[in-house]
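The values are calculated or read from the model by the stated rules, or taken from the named source; none is laboratory data. Every value quoted in this text rests on a predicted model; they were computed, and no experiment measured them. All Cβ positions, glycine included, derive from the backbone under ideal geometry; neighbour counts span all protein chains shown. Remember, those area values only see protein heavy atoms, side chains included, never the ligands or the DNA or RNA. Shrake-Rupley method; radii C 1.70, N 1.55, O 1.52, S 1.80 Å.
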Amino acid sequence: MSDLTRMSAAQLAAAIASGEASATEVTNAHLERIAAVDDRVHAFLHVDAEGARAAALDVDERRSAGEPLGPLAGVPVGVKDIVVTRGVPTTAGSKILEGWRPPYDATIVERMRAAGLVMLGKTNLDEFAMGSSTEYSAYGPTYNPWDLGRIPGGSGGGSAAALAAYEAPLTVGTDTGGSIRQPGAVTGTVGAKPTYGGTSRYGLVAFSSSLDTPGPCARTVEDAALLHAVLAGHDPRDSTSIPQPVPDVVGAARQGATGDLTGVRLGLVREFGGEGAEAGVTAAFRDGLDALTKLGAEVVEVSCPNFQYALPAYYLIAPSECSSNLARFDGVRYGLRVGDDGNRALEEVMSLTREAGFGPEVKRRVIIGTYALSSGYYDAYYGQAQKVRTLITRDFTAAFERVDVLVSPTTPFVAFPLGSRTSDPYQMYLADLYTIPVNLYGGPAISVPCGLSEGLPVGFQIMAPTLADDRMYRVAAALESAVGTLTPGELS
Amino acid sequence: MAAISREEVAHLARLSRLAVTEEELDLFAGQLDVILQAVARVGEVVAEDIPPTSHSVPLTNVLRDDIEVPCLTADEALAGAPDVEEGRFRVPRILEEEV
Amino acid sequence: MTVTLPPYDDVVARYEPVIGLETHVELGTRTKMFCGCPIDFGGQPNTRICPVCLGLPGSLPVANKAAIEATIRIGLALNCTIATWSRFARKNYFYPDMPKNYQISQYDEPLCVDGWLDVEVEGEIVRVGIERVHLEEDTGKTLHVGGATGRIHGATESLVDYNRAGIPLVEIVTKPVPGTGALAPIVARAYVTELRDVIRSLGVSDVRMEQGSLRCDVNTSLSLPGAEWGTRTETKNVNSLRSVERAVRSEILRQAPILDAGGKIKQETRHFHEDTGETTAGRSKETATDYRYFPEPDLVPLAPDPAWVATLKESLPELPRVHRKRLQTDWGLSDLDMQSVVNAGAVELIEETVAAGASPEGARKWWLGELARRANEAGVELVEVGATPAHVAELQGLVDGGKLNDKLARTVLEGVIAGEGTPTEIMTARGLEVVSDTGALTAAVDDAIAANPDVAAKIREGKVAAAGVLVGAVMKATRGQADAKTVRELIIARLS
Ligand SMILES: [Zn+2]
């Protein structure tokens, strides 16, 4: 048997189904890999070896008993630590939740357990998913397996780095403004944000409720589609969950892998063409575009004039919702409490708790959000941002009347050195320039590797109309078939 | 002109129940000013008759039937609490009145 | 010559009161507003909670259809327009009884707007405008420990129970009600009474003020006739119908001297004290809290379609005012008599007593007579007096069947109120039954005749009026347990 940690999820599932490898062997191989490299990568905040082995054993027993198994049964998965897991510590990357063991599972965790996936542990992230580098994790940064001196993207840097370092074949992320796609891009992996409402938010520690979307991270497009199919589907516990059936993303990925895109129209957003992206990123993206046209796709330039306001609108909407969502962390019902010395009043203890429990980026966003929702400023900020959101949605709708998908680089720059953007928060925000518009619209988008720039991976983003998640998988798989997957060198 | 003053930041921090330090105030005031000037660009858009979008899903009337679901046990509910007394969540004395 | 008016009459002769009421009604749904936790009171603390109503990270609300329907029905019963587009909003403020530190409520897009409720006061109809009816979630309960009175001041710590958190709460806000003059306190009470009856008739809440399932805040302001309305205060902690009336009256009496002295009324929350009947200052509202309302992103809008609303409208029962008209006819009461029944809060009690078998006259006599007197003495509402319609019907049945006379029945009722059991049980246990055994009575009559030969002689001579003396003697001998009419007939039969 070849190295189990280098295999794709689809290959592992096939090996387990055929009895070539047991789920226990696959799990142990990944736990060993984690033990060997994670002190350098720091992709995981918590490894649940015991739980993983028990889940793997269960799959092996069910297989022996002849029970039917799902297409990913026995395959290990890492879960971003903002997803609530029953009995397993869930911190959201924040000190304020240190030690919290939730009494319930997120819907997507229930679905993965039911599908026989084996949860290895919880992956690192920027605190409450606010950030683009994973440097804002209260538990220390994650390092990019391509260059340990660089960031793995954020907020789901742990989920992306775990894939690139072969610690897990699949991971789960959440995408509010690019937190699945941007880490995917800078680690040379695949990250997909489903249609908002296509995957349940029940059990996601909320950052920005109207934007948060959980989705799959993998090393191949097919693997991402396989995990997508497990995660997605209507959830009556999430009022914003879509009741329509999930499109056949796995079928679309397999169709795309045949390499035929005849008649597919790719929309190039004119407004993304200006300054912003590094030359190497633009070059790699152009190579990807050329590869797709060779497969029969047609490139059409489209105009989305309101995209220039996406970043400002996002940085009003997301902080506003987060200022309210994070109010519950007050040291009363769970988590940290600081300063309760018997003399201080509750109000002071709450303020000291939140001061000690939240990191600087969270505090900045809470303050901005509180400001933007204040009665005197609501219309100019939050209200106006929601109108801009309408206009951006109209831009997408108009564009999709002319093209099947929109394409762009995933992020303007390759993985940057640790510490290079933390002192200027707004420079960090620019990492999300290309990923944010589709979050405001709600449609699906995927990042897939398209090449290297100065030896570092560049991501290619494909955006599709809402509910047409299958379409982006088809194009992504076609690109992958032309460009191939990217493999980092051994960890240095 | 600054979009936001140090005093405003201090006021917002109090509203948000954040006991920020003087150093943080100095740091945040500058950073938030940059951010707010940048995001204020949404104001450039003429959008008077544009309806706001608060949800990207066009759903309405998502309701559940009035059917019981099992509760947490008291132990589960209280397990994560920093302080518990007589089956209740204990908090220090409260200064402000109930709203 | 100057006339010195009593203070209240003096005040309302010079100032025009404007009142407004905000009423919260806890709905009697099976489960909470946004989760499937059961609503049942009396459970151990923190045993009726789940990730949603405890506000655990990651949990999400889903609105209870029954609560939405109940709110729409309340809106329809209050002649409101039902919104075709309505949303929940978050009201953000920190308080430990609120698990998320925001309350899911409604702000600028409530479910029902612009209605009215007619109330009858002293034979006149007063139309109270309804501003809005909206739906929100209740908070948990906080126990203040270490203070002298269980109040927040002086407490050393507080303990929170979230069983109540998330129970659906309907808020009904009136428009300001001007022009009621001296009747303002009575109008306020009549409005809450009528509202309570309407909601009870809908079957959506038990609307028990004493148990907190109906809570009322009373706004009061005074202004000079023709002048702009004055600054209003908001009085909380008004826990009974009687308190509604008293709270308005006491605010009118408190505000007037301040205005007389050229002072200003502070916009503030005030607390009503049942014991003193006065209000004390609470939180100042001059620095209005900024709740940073915004549309609740975890919920989607409500868009009640006309067919749904029409179905709900069809389900409305006969409303109390109509219902009362019908009862008045059935019971054969004059307007004045019916008004006294309404004022006593006895409509339903009498209705239920009649349903349990009593005659309307009998039922009315007990509830408005003996029981009203006792409720008044005890300072409680009639419904809390300790006797149920079933008791009263049974009692009246015993009287009608000749087993109790009026005096005995009152004694039995005393036992019922004391909780000794049903009327029949008490009658038997205390041996209060009317002596109807003719043998025993005849013996007592014969004894009385023998002991009073002079009187007996007079009766024999046809002076029947003298029989009273012998009746008295027999009644004394039977300790009141004989039927006086029967005794009288027996005596006359014996002596003719
Ligand atoms: Zn609950």
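In the frame of its principal axes, the stretch A:168-307 has Cα extents of 43, 34, 30 Å, reported largest first.
Find the relative contact order for the stretch C:169-318 and round it to a whole percent, using C-alpha pairs within less than 8 Å whose residues are 6+ positions apart. Relative contact order comes out at 18 percent.
With Cβ to Cβ distances under 13 Å as the rule, what net charge do the other residues near A:Pro245 carry (K, R +1; D, E -1)? List each step's numbers first, then the result.
Values: positive: none; negative: A:Asp248, A:Asp469, A:Asp470.
Surrounding charge for A:Pro245 is -3.
Can you give me the angle between helix C:484-494 and the longest principal axis of chain C, using Cα atoms only, in degrees from 0 to 90, rounded to the nearest 10? Taking the Cα atoms of chain C, the angle to C:484-494 is about 10 degrees.
Remind me, what semi-axes does the stretch A:8-116 give for its equivalent ellipsoid, largest first in whole Å, using sqrt of 5 times each Cα gyration tensor eigenvalue? Write down the numbers at each step before the final one.
Details: eigenvalues 134, 57, 23 Å².
Each semi-axis is √(5λ); the values are 26, 17, 11 Å.
Summing Cβ point charges (Lys, Arg +1; Asp, Glu -1) relative to the Cα centre of the stretch C:8-312 gives a dipole of roughly 620 debye. Mean projected area of the convex hull spanned by the Cα atoms of the stretch A:272-410, taken over all viewing directions: 12.4 nm².
In percent, how large is the relative contact order of chain C, given Cα pairs closer than 8 Å and 6 or more residues apart?
On the way: 883 pairs, mean separation 66.6, N = 496.
Value for chain C: 13 percent.
Dividing the radius of gyration of the alpha carbons in the stretch A:137-209 by their Kirkwood radius gives 0.97 for Rg/Rh. If one puts a single equal scatterer on every Cα of the stretch A:336-395 and applies the Debye formula without solvent, what log₁₀ I(q)/I(0) results at q = 0.14, 0.30 Å⁻¹? Summing over Cα pairs of the stretch A:336-395 leads to -0.59, -1.06. Have a look at C:Leu78, C:Ala387, C:Phe41 and report the one farthest towards the positive end of the charge dipole of the protein assembly as shown, computed about the Cα centre with Cβ charges (Lys/Arg +1, Asp/Glu -1). Among C:Leu78, C:Ala387, C:Phe41, the one farthest towards the positive end of the dipole of the protein assembly as shown is C:Ala387.
In what order, largest first, do A:Glu67, B:Glu48 sit by accessible area if the probe radius is 1.4 Å? Intermediate values should be presented prior to the final figure.
Numbers: A:Glu67 90, B:Glu48 165 Å².
From most exposed to least exposed: B:Glu48, A:Glu67.
Summarised as an ellipsoid, the protein assembly as shown has semi-axes of 72, 33, 26 Å, derived from the eigenvalues of the Cα gyration tensor scaled by 5 and square-rooted, with the largest first. Beta bridges assigned by DSSP with both partners in the stretch A:4-249 are antiparallel in approximately 65 percent of cases.
Within a Cβ distance under 12 Å of A:Ala54, other residues only, what is the Lys/Arg minus Asp/Glu net charge? Please list the in-between numbers first.
Values: positive: A:Arg53, A:Arg113; negative: A:Asp48, A:Glu50, A:Asp58, A:Asp60, A:Glu61.
That sum, taken over residues with Cβ under 12 Å, equals -3.
Each stretch of four or more DSSP H residues adds -39500 (n - 2.57); spread over every residue of chain A, this sum gives -12000 deg cm²/dmol at 222 nm.
Binned at 10 Å from 0, what are the whole-percent values of the Cα-Cα distance distribution for the stretch C:36-81, short to long? Pair shares across the bins are 22, 34, 29, 14, 0.
So how strong a dipole does the stretch C:320-417 carry about its Cα centre when Lys and Arg Cβ are +1 and Asp and Glu Cβ are -1, to the nearest 20 debye? Could you put the intermediate results ahead of the total?
Numbers: 11 positive and 15 negative charges, 28 e Å.
Computed about the Cα centre, the dipole is about 140 debye.
Size descriptors for the stretch C:320-417, from the alpha-carbon set: Rg then Dmax equal 12.9, 38 Å.
Here r is the Cβ-Cβ distance between C:Lys325 and C:Arg430 and R0 is 35 Å; the resulting FRET efficiency, rounded to 0.05, is 0.25.
If you place +1 on the Cβ of every Lys and Arg and -1 on the Cβ of every Asp and Glu, how big does the dipole about the Cα centre of the stretch A:165-304 come out, in debye to the nearest 20?
Values: 10 positive and 16 negative charges, 36 e Å.
With Lys and Arg at +1 and Asp and Glu at -1, about 180 debye.
Taking each of C:Lys365/C:Lys407; A:Lys95/A:Lys122; C:Lys32/C:Lys65; A:Lys95/A:Lys363; C:Lys91/C:Lys236 in turn, the alpha-carbon distance tops 18 angstrom for C:Lys91/C:Lys236.
Here is the P(r) of chain B: all C-alpha pair distances, binned every 5 Å from 0, give 2, 8, 10, 9, 9, 11, 14, 14, 12, 9, 2, 0 in whole percents.
At 7 Å along Cα-to-Cβ for each site, give me the label-to-label distance between C:Leu143 and A:Gln255 in nm. Reported label-point gap for C:Leu143 and A:Gln255 is 6.3 nm. Here each label is just a point 7 Å from Cα along the line to Cβ, and for C:Ala418 and C:Asp114 those points are 6.0 nm apart. Here the simple spin-label model places points 7 Å from the Cα toward Cβ, and for C:Thr289 and A:Ala380 these points are separated by 2.6 nm. Seen against the Cα atoms of chain C and their longest principal axis, helix C:184-202 is set at about 90 degrees.
Counting Lys and Arg as +1 and Asp and Glu as -1 over every other residue whose Cβ lies under 10 Å from the Cβ of A:Val79, the net charge comes to 0. Run a plain Debye calculation on the stretch C:1-157 (Cα atoms as equal point scatterers, no solvent) and give log10 I(q)/I(0) at q = 0.09, 0.10, 0.18 Å⁻¹, rounded to two decimals, same order as the q list. So the normalised log intensities are -0.48, -0.57, -1.16. For chain C, the Cys residues with no second cysteine's beta carbon closer than 4.7 Å are C:Cys35, C:Cys37, C:Cys50, C:Cys53, C:Cys216. The stretch C:158-183 and the stretch A:24-41 have their alpha-carbon centroids 58 Å apart. Ordering C:Glu278, C:Glu414 by accessible surface, largest first, gives C:Glu278, C:Glu414; the 1.4 Å probe counts only protein heavy atoms, with every chain in place. Rg then Dmax, both in Å and based on the Cα atoms of the stretch A:290-354: 24.0, 73. How much of the calculated P(r) for the stretch C:256-411 lies past 19 Å, in percent of all Cα pairs? Every Cα pair in the stretch C:256-411 considered, those over 19 Å come to 72 percent. The 3J(HN,Hα) values that the Karplus relation (6.51, -1.76, 1.60; θ = phi - 60°) gives for the stretch C:241-255 are, in residue order, 4, 4, 5, 4, 5, 5, 5, 5, 4, 6, 5, 4, 5, 6, 6 Hz. Gly and Pro appear as x. Surface exposure of chain C, expressed per residue as accessible area with a 1.4 Å probe, stands at 43 Å². Computed from Cα atoms, the angle from the helix B:22-39 axis to the main principal axis of chain B rounds to 70 degrees.
Here the stretch C:389-496 has an Rg and Dmax of 15.9, 51 Å, counting Cα atoms alone.
Using the Cα coordinates of chain C, the gyration tensor eigenvalues translate into equivalent-ellipsoid semi-axes of 54, 28, 23 Å, sorted from longest to shortest. For chain A, averaging the sequence separation of C-alpha pairs within contact (under 8 Å, six or more residues apart) and dividing by the residue count gives a relative contact order of 18 percent.
Taking 0.890 mPa s as the viscosity and 25 °C as the temperature, the Stokes-Einstein diffusion coefficient of chain A based on its alpha-carbon Kirkwood radius rounds to 111 µm²/s.
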